[in-house]
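Here the structure is laid out as structure tokens; the discussion comes afterwards.
The values are calculated or read from the model by the stated rules, or taken from the named source; none is laboratory data. The structure presented is a predicted model; accordingly, all values stated were derived computationally and were not measured. Methodologically, a virtual Cβ is constructed for each residue, glycine included, from the backbone with ideal geometry; neighbour enumeration extends over all protein chains shown.
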Amino acid sequence: MSPVPSRREPAASITVVDARVASAGHERRIAQNKDSQRAFRDRKSKELAILLANIPRLEDQHRILLQSYSNQSAVIHELRVQLEALTGKMSAILGFFNLPLPEAPGSQDVRAGYSGEEDVSSVSQNLDSYFASC
């Protein structure tokens, strides 16, 4: 067996013409690499410019969304306050007529449990006593 030539040693069969062709191929590869690097830098530069141009628009959008969130939070707070007030009023009215409170707000229609005959008669009696006391 003959020893395998190392990569650093050119094979003996390479001639001057082959060396020129190899050199030209190497130069083409170097030029292609330079072009490729330049194109990469150009793409990155354009992408960075687009991203930088989007920052003000995104900041405005963020500010608008924060304001909307703040407004919606205020509306939700106000609605919760109103719900508590109405729940208190409903409790007082139902308590006056000796009617039970619904189990959970919003879980059922308030009128759903009060359609029986005994409820109507108790409401009628309570109304009579209320108006008699006035």
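Worth pointing out:
- Yes/no for Leu52 being surrounded by 10 or more Cβ atoms within 10 Å (Cβ to Cβ), within 28 Å of the chain's Cα centre (by Cα), of a type outside the set (Gly, Ala, Ser) and modelled with pLDDT of 95 or more: no
- Filtered by the rule that a residue be of a type outside the set (Asp, Glu) and under 30 Å from Pro100 (Cβ atoms), region 30-89 gives Ile76, His77, Leu79, Arg80, Val81, Gln82, Leu83, Ala85, Leu86, Thr87, Gly88, Lys89.
- Checked against the criteria, Ala31 does not count as at pLDDT 95 or above, part of a helix (DSSP H, G or I), surrounded by 10 or more Cβ atoms within 10 Å (Cβ to Cβ) and among the hydrophobic types (A, V, I, L, M, F, W, C).
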